[in-house]
Every structure is written in structure tokens, then in C-alpha cells.
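The numbers here are math on the coordinates, done by the rules we state, and not lab data. On a predicted model such as this, the values are computed, not experimentally measured, just so you know.
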Amino acid sequence: MPLPRPRPRRWGAPALVALALAAGPQPAVAQAIQVEQLVKGTRSWDGSPLPPLGPGQPEVTVLRITLPAGASLPLHVHPVINAGVLLEGRMRVSTATGETITLEAGDGLIELVNTPHQGTSLGPGPARILVVYVGLEGQALSLPARP
């Protein structure tokens, strides 16, 4: 037995409105959208080239880290590529060899990979930083620095 022929579908007004909205932003809304590139590069903030990812399944992790005013992270290294944006506060990142960078709210940076460093919240309030890590599945994001 042959299948019945599909009949033409009639679209009601609510369906047409839904389709129009799903088609994308309207011109007035599109004009209000802004994209600002905060940081892009192939090197970390100290000028060191970023390492290749290597073979395997990539994994992305996004963390929001809050440091109270005056608090410092212990000296550590990241074995994976990562970049961050300081959402709030002021922060200083220092290497074990004395290189430093100071961030204000809204600043972005490409972090150090396999270089011992630590971050300090400069106050007066907490420092909140959003960090995106890109590595291989199961890879550690941060490790204590070796003495």
C-alpha cells in the first residue's frame, strides 16, 4: 500500500512569529550587540610561546576564582594553556624570578604555562577572575611549584 502524500502545512500567525524570532536578532537588537576581544595570542604574558596541545581528546574547563583582599595563591604551575579575565578587583601575578603583571577589573591575560607563579589580590575588595583552561582530558589544571 502506498504511503499517503504529505499535505501542505498551513502556518498560523504564532508559528510565523516564532520563526521570525528564531531567524536571528532584529536590526535594533543587532546594533546593540558588542564584541570586545580582550586577549588573543600564541604567547603567555611573559612572552613565552604556548606549547602544543598534543594528541588526545581536548578538554575545556572554566573556573571563577575569588581571592579575598590581601590573599595570595601558593606558588604553582599550570601544565595546560589558560587565559583569564579579571572580573572584579585588582590582582598582581608574580613569577618566582620576579616578573610581575598587575591587572585591573576588565583586564585579560594569557597565563604562564609550566612557569612557577602566584596571584595576589591587591584589595581593597576581593579579586574575582574567570579562567578558561584548555588541555587534554584528565590533565591537571594546576600543580604546586617544585622548590
Could you go through segment 99-106 in sequence order and give the Karplus-derived ³J(HN,Hα) for each residue, using 6.51 cos²θ - 1.76 cosθ + 1.60 with θ = phi - 60°, rounded to whole Hz, and x for Gly and Pro? 6, 9, 9, 10, 10, 10, 3, x
Between Asn114 and residues 5 or more places away or on another chain, which pairs have amide H atoms under 5 Å apart, with H built 1.01 Å from N, and which residues are they? His78, Val80
³J(HN,Hα) across segment 75-83 via Karplus (A = 6.51, B = -1.76, C = 1.60, θ = phi - 60°), whole Hz, x for Gly/Pro? 4, 8, 10, 10, x, 10, 5, 8, 9
Please list, in chain and number order, the residues 5+ apart from Leu136 or on another chain whose amide H is under 5 Å from its amide H, with Hs placed from the backbone. Glu59
Whole-Hz Karplus couplings 3J(HN,Hα) for segment 112-123, θ = phi - 60° and coefficients 6.51, -1.76, 1.60, Gly and Pro as x, run 6, 10, 6, 10, x, 7, 8, x, 10, 7, 8, x
Other-chain or far-sequence residues with amide H under 5 Å of Ala71's (modelled H): Ser121
